[in-house]
Amino acid sequence: MIVALIVICEVGFWVLLAAGLATRYLLKKPRAGAALLLAEPLLEVLLLVVTAIDLKNGAEPSAKHGIAALYIGYTVGHGHTTVKWLDGHAAHRLGGGPPPVVRPKYGMPRARHEGKIWLGTLVAAAVATGLLLLAILYVGDSGDTSSLKEWMAISWRAAGIHGVIALTYLLWPKKDPAGKDSAGEAGGVAAPGHHAEKATAWTLEKTERSAVPARDPQDVPDGLVRRPGQDEQQV
């Protein structure tokens, strides 16, 4: 039952997400769409309640309870990021909003990006561990909780592996093959104000060039200067 409910919660997550975004941008009902998106955590609450009831009814702690805890932890740690990412794309494609921010690919911006994702994994492991500890305390000495402890170790092992992978982007940052500045246009994302500063500099340069003939006529090309005729020279 727990495994089936996990599958139902996963399917329900994507169904509510799609329905919320469609209602928000296609039907032009932002409040109703937001309500559907905010209903997604109720799926995790339902899974948590059913898992607790299953243990209360005397079910032996097993892998299904550990998977349920990890699923809830993952949703807490990464669910918001997933919803935000998809909402940005839906706003651009369906609502006429600005293009979503492109994930950095190179240099320190990519390292910071991977670090933020890893923090979500840490949150997921912490939430899963907290739920598993509560389950162990709830069962007490009346049941075998070794399976729950194993899933606690699995959650932190996964967080550790993810942390090592994220660290490689910091120790060995990936270089842009185009040779662009990693702090500026790495990964196709320009630094804040980069295009504005470039446009301003170009405008100032054009203005200065156009102002030179007015101040210094001798700098104007010969083709643009009217030479006095012979009659005018005699006068």
Scan segment 1-59 for residues that are over 26 Å from the mean Cα position of the chain (by Cα) and polar (S, T, N, Q) and report the count.
2
Checklist (1) surrounded by fewer than 20 Cβ atoms within 10 Å (Cβ to Cβ); (2) modelled with pLDDT of 90 or more applied to LEU70, failing item
(1)
Of everything in segment 73-107 that's at pLDDT below 90 and among the hydrophobic types (A, V, I, L, M, F, W, C), which residue is nearest to PHE13 (Cα to Cα)?
LEU94
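The values are calculated or read from the model by the stated rules, or taken from the named source; none is laboratory data. The structure displayed is predicted, hence computed values, not measured ones. With ideal geometry, Cβ positions are generated from the backbone for all residues, glycine too; neighbour counts draw on all protein chains shown.
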